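The block underneath contains the structure these notes are about, expressed in structure tokens.
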Amino acid sequence: MKNLLLLTTILSLTTLITIPTFANPAHQNHQINHSNYLKPVVIPKNQLPTPLTRGMIFREIASGGITGRTQETVLMDDGRLLKVVIGDANDSQRSVKKVSLAQVRQFEKLLRKSNLKKFNRLSYPVASGAADYITYTLTGKTSTTQYNDISQSQLPNKLDDVVKAWNQLKNSAE
């Protein structure tokens, strides 16, 4: 009986504890505007990844989810698709796959057509209270933008087209 009373007290006290969230653009000002798209927030400059280096066409950094790991996937101009888990000391989860040069050129054409520059430094946040979501940071030659797996269906059409084409390209790599 004493243990039950103690457990009940502990459980009732835990409902009074709040855990603060850290400054993260994904937790700021989540709103949906009237056109059913998410209202983006600006990514602070100190949270931007490094720019692409020579030979890189596009990069995706996926972080979070249940495992909390960070994975980087880079498309190179020769068609190589390099994937690495950041922080994997043994480099055991590194992979190199390949797509055709025609696929690379088609993807580059889509990037130009989509005018990703207008999404530069914009993050499309998740609703507050959401958990176990994956944040994707996409970097092209002229821009970096973020979205998450929960709100992907509410991205602007041109950005969503890039996300879909990128996922298709990754899945077609051999």
PRE reach from GLN168 (point 7 Å along Cα→Cβ): which of the stretch 100-117 fall under 14 Å by backbone N? 103-111, 114
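Could the peptides 140-147, 80-87 be put in order, highest first, of the mean number of other beta-carbon atoms found within 10 Å of their residues?
The packing order, highest mean first, is 140-147, 80-87.
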With a/c under 1.5 counting as rounded, go ahead and sort the stretch 110-174 into rounded, prolate or oblate using the C-alpha gyration tensor (a ≥ b ≥ c being the square roots of the eigenvalues; past the cut-off, prolate if a/b is larger than b/c, else oblate). oblate
Just the accessible area per residue of the stretch 84-174, please: how many Å² with a 1.4 Å probe? 56 Å²
Can you tally the net charge around GLY79? Count Lys and Arg as +1, Asp and Glu as -1, for every other residue whose Cβ sits under 11 Å from the Cβ of GLY79. +1
Carbon/sulfur fraction of accessible area - the stretch 37-84, other protein chains in place, 1.4 Å, %: 55 percent
How much length, in nm to one decimal, is gained on full extension between ASN157 and GLN93, taken as 0.36 nm per residue of separation minus their Cα-Cα distance? 19.8 nm
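The stretch 43-79: which trypsin sites (Lys or Arg not before Pro) are DSSP loop and have at most 14 other beta-carbon atoms within 10 angstrom?
Sites meeting the loop and neighbour criteria: ARG54.
The values are calculated or read from the model by the stated rules, or taken from the named source; none is laboratory data. Predicted model only: the values in this text are computed from it and were never measured. Quick reminder, even Gly has a Cβ in these numbers, built from the backbone with ideal geometry, and neighbours come from all protein chains shown. Areas reflect the complete protein model, heavy atoms only, side chains present, ligands, DNA and RNA absent. Shrake-Rupley method; radii C 1.70, N 1.55, O 1.52, S 1.80 Å.
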